[in-house]
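Every number in this text was worked out from the coordinates using simple rules, so none of it is lab data. Here the structure is a predicted model, which means the values were calculated and not measured. When we count neighbours, we look across all protein chains shown, and the Cβ atoms used for this are built from the backbone with ideal geometry, even at glycine.
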Amino acid sequence: MTSEKREPGAPKATGMRQGLATYGDAGFSLFLRKAFIKAGGYSDDALDRPIVGITNTFSDYNPCHGNVPDLIEAVKRGVMLAGALPMVFPTVSIHESFSHPTSMFLRNLMSIDTEEMIRAQPMDSVVLIGGCDKTLPAQLMAAASADRPAVVLPVGPMLVGHFKGEVLGACTDCRRLWGQYRAGTFSAEDIEKVSERLAPTKGTCMVMGTASTMGCIVETLGMGLPGSGSIPATHSDRLRVAEATGRLAAELAVKHGPKPSEIMTEGAFRNALVVLQAIGGSTNALVHLTAVARRLGIALSLEEFDLIGRKVPVLVDLKPSGDHYMEHFHWAGGNSRLMRELRNHLDERCPTISGRILKEVIDAAEMVPDQTVIRTPANPIKPTGGMAVLRGNLAPRGAVIKHAAASPNLLTHTGRAVVFDSLEDLAQRGDDPALDVEPDDILVLRNAGPKGAPGMPEAGSFPIPMKLARAGVKDMIRISDARMSGTAFGTIVLHVAPEAAVGGPLALVRTGDRISLDVPKRSLELLVGEAELEQRRKSWQPPAPPADSGRGYAGLFQKEVLQADQGVDFDFLGPARP
Ligand code: FES
């Protein structure tokens, strides 16, 4: 490897020669880089190859990513078989249960870390290995902003668990059985045993939660190879798709493209919204897609998403809205087969990272006879999509409900509000036997949004008050500015925007007010006169800022985070300006 002076108009530096550290002498920078990297035993031949960066998101704190070391080895094999040089580098890794205060608080941090390390280090393309809920969104956001050729490789879903003859899935059954335990119908001994069975292998939650939803979306956007979103984490096919991903990334490195901005087009995002509705996917994915699209200067419309939902049926029979799990979805043909059933709603001309257009991916879908997991439009799980967008004086900038997982009898309901001011308030009073609450009431939780909590935790599916749970009440309308886990179910109105902490109407609700929810009409109304609301608005005081938010990342978060309808991204991370 020799130092290379770039004349004006000469081709852009590639491989080890790109992105040199600045010492004021490019030749010295390259010499120094060479000297240090040779400590790793690399030959000049290796160092002259195109470079494929590979993110390492393995962490002892992230069991969902337990197979990442094996995937990295398989990706490296693919890269080297294609004649390029793989370079593995660490990034932030986020697991749902090990992220205080909440994983969403850290998504933007991971996106910044990933973007900047792609930019800072010499690589001609990058393989992004992720899976646990916030990681694939963060990596897509980073890929969009860095705009270097990239392939996404999900880690894949876990296999199902078993307990006393019942099939278990994380984390739909975590919540269901915990609810039974709270209600006193499931023993302490059994709940302890179940904790060993709910997540029985490496990989991501195997219901159609956020991780599985994002796996399908990665494929639909065209950013990952077909099947990569659903092959079980522990199956040998996953290593083969990892190897193929490495080969593909090496080709992208040689060709210098296509770039993420050429794959994630408006049409690709619209296709992703279609699939999101048809899988009865996680509500979180709407926030994440909004954030990824925003990075590319594309504004996703909540109205269009709702319109898609009125036309596109739910076709996938997976928990939490159906009966099966991700491994069954995969062996039924996976996302390609699903898209085949949806092709009337999709823009099949969209390019994919594999070089094929979406139509070719769909044409190659495996047709599994007699499978029942992916239905046809003539025999859907539900005739319309899984989610709806609500508007009204309580949610002027929108709110979302996953009606596919809600109680049908509550989708049109007017009731008395019972308000909890914060998560702390909910924790203190929610289970108080003296709490004045009836089954027909509407529970309101506020100050749990992007700024309020902070990080918009997955608290929207908060538990039914203990005294009602013990009396057998299984579902109530719950409204909040929080999110909910994609694995949860219930009649839950989420992402109310603007949030209460910035003075949104949710801040003005009082216990005893009447609230009307009408999902068929897409409305969410606080039945209080405007004059009274104006009085309340005048006397409203913003809540105290969250603890420790005066400095550091928490301070940055408070200053920059946007509302749910803008993807909860940071304001300053919008599209690159010319
Ligand atoms: Fe990692 Fe569910 S906790 S995907």
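Descriptive notes on the structure:
- Annotation for region 516-556 versus region 281-315: alpha-carbon center distance of 24 Å.
- Each Cα pair under 8 Å and six or more residues apart adds its sequence gap; the mean of these over the residue count of the chain is a relative contact order of 13 percent.
- For region 121-199, the share of DSSP beta bridges that are antiparallel, to the nearest 5, is 40%.
- Ranking of Asp60, Asp133, Asp370, Asp147 by neighbouring Cβ atoms within 10 Å, starting from the fewest: Asp370, Asp60, Asp147, Asp133.
- In region 280-411, lysine pairs closer than 20 Å at Cα, eight or more apart or cross-chain: 5
- Beta bridges from DSSP with both residues in the chain: antiparallel share about 45 percent, rounded to the nearest 5.
- With Cα atoms, 0 to 90° folded angle of helix 172-182 axis to the chain main axis: 40
- Here the gap between Leu411 and Arg537, fully extended at 0.36 nm per residue and compared with their Cα-Cα distance, gives a gain of 42.5 nm.
- Alpha-carbon centroid distance for the pair region 125-156 / region 427-460, whole angstrom: 34
- Degrees separating the helix 26-37 axis from the principal Cα axis of the chain, which is the longest one: 80
- Volume in Å³ per residue [convex hull over Cα atoms, computed for region 141-289]: 119
- q = 0.12 Å⁻¹: log10 I(q)/I(0) that the Debye formula gives for the chain, counting C-alpha atoms only: -1.15
- Going from the residue with the fewest nearby Cβ atoms within 10 Å to the one with the most, Thr201, Thr210 rank Thr201, Thr210.
- Residues Glu266 and Arg551, FRET efficiency given R0 of 25 Å [Cβ-Cβ distance, rounded to 0.05]: 0.05
- Near Gly203, once Lys and Arg are set to +1 and Asp and Glu to -1 for all other residues with Cβ below 12 Å from its Cβ, the sum equals 0.
- Efficiency of FRET between Glu73 and Ser523 - r from beta-carbon atoms, R0 51 angstrom, step 0.05: 0.45
- On Cα atoms only, tilt of 236-255 relative to the major axis of the chain in degrees: 60
- Isolated Cys in the chain, by beta carbon distance under 4.7 Å: Cys205, Cys216, Cys350
- Simple label model, 7 Å out from Cα along Cβ direction - Ile37 to Asp370, nm: 5.5
- Between Lys467 and Lys193, the modelled labels are 3.4 nm apart [label points 7 Å from Cα along Cα→Cβ].
- Helix-only [θ]222 nm of the chain, DSSP H runs n ≥ 4, -39500 (n - 2.57) each, per residue, nearest 500: -10000 deg cm²/dmol
- In plain terms, the chain from Ala299 to Asp347 could stretch by 15.5 nm, reckoned as 0.36 nm per residue minus the Cα-Cα distance.
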